[in-house]
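Written below as structure tokens is the structure these notes are about.
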Amino acid sequence: MARYTGPKTKKARSFGEAIYGFDKYFERRKFPPGQHGQTRKRKQRSDYAVQLMEKQKAKYTYGVLERQFRKTFERATSKKGVTGEVLLQLLEARLDNVVFRLGIAPTRDAARQLVTHKHIVVNGVLTNIPSFSLRPGDMVSVRGKSQGLVAIQGSVHSKNDNRRFGWLEFNPDKLEGKFLEYPSRDQIPEKLNEQLIVELYSK
């Protein structure tokens, strides 16, 4: 299954932002990667370069490769509403992202692994497709046999209160959550300029 498996801190440094969450190595070296990261004079980026960088940041943030990202964008253009916002809503509705947002997994990569290893159930049906798109009202839960996993219990009961979102409902005792609605743009915490992505694909 295709996914980015390269050095994450290096990728975060290239964007100048901890896109994978808190990273102590990134905090120590926030300058761009490379031998001359701190001293090299950077040329002013063209509009295209800025737009491409924003698209790349969104792809790596959500763990989506190019082909899948483009398909998601095409879906967004076919729906009513502001294309950039709809794009982010579709990315937020991915099963692996929702498992992460609910706090069942500490990272999106960990959430993706839980899904592919058949630990997650959607509406009572075992689902092992990370890109599965949820709809309002869908129920996401941890498979009965998997509820005692140390990794899941550790993530659910961690003291990370930041992973509580208005468009999701979660019962930590039952390890069950509900996708209530698509989030509005101001509810999505990711620091992305989706309009730049729309402009890139509109050329």
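The figures follow:
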quantity	calculated
Ratio of the Cα radius of gyration of the range 61-203 to 2.2 N^0.38 Å, where N counts its residues	1.04
Environment charge of residue 177, counting only residues whose C-beta is closer than 10 Å and scoring Lys/Arg +1, Asp/Glu -1	0
Paramagnetic reach from residue 47 (point 7 Å along Cα→Cβ, amide N under 13 Å) across the range 82-99	none
Simple spin-label estimate for residue 151 and residue 117 in nanometres, 7 Å along Cα-Cβ	0.3 nm
Interchain or long-range residues, amide H under 5 Å from residue 138's placed H	179
Neighbour-limited loop hits for GluC sites (Glu not before Pro), the range 127-186 (at most 16 other Cβ within 10 Å; DSSP other than H, G, I, E, B)	181
Low-density loop positions, trypsin sites (Lys or Arg not before Pro), the range 36-115 - DSSP coil, at most 13 other Cβ in 10 Å	40, 41, 42, 43, 45, 79, 80
Karplus (6.51, -1.76, 1.60) ³J(HN,Hα), θ = phi - 60°, over the range 179-190, in Hz, Gly and Pro reported as x	8, 6, 6, 6, x, 7, 4, 6, 8, 7, x, 5
Label point distance in nm, residue 80-residue 186, each placed 7 Å from Cα along Cα→Cβ	2.2 nm
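Bear in mind that the values in this text are calculations on the coordinates, not laboratory data. A quick note: this is a predicted structure, and the numbers were derived from the prediction, not measured. Because the Cβ atoms are built from the backbone with ideal geometry, glycine has one as well, and the counts that use them run over all protein chains shown.
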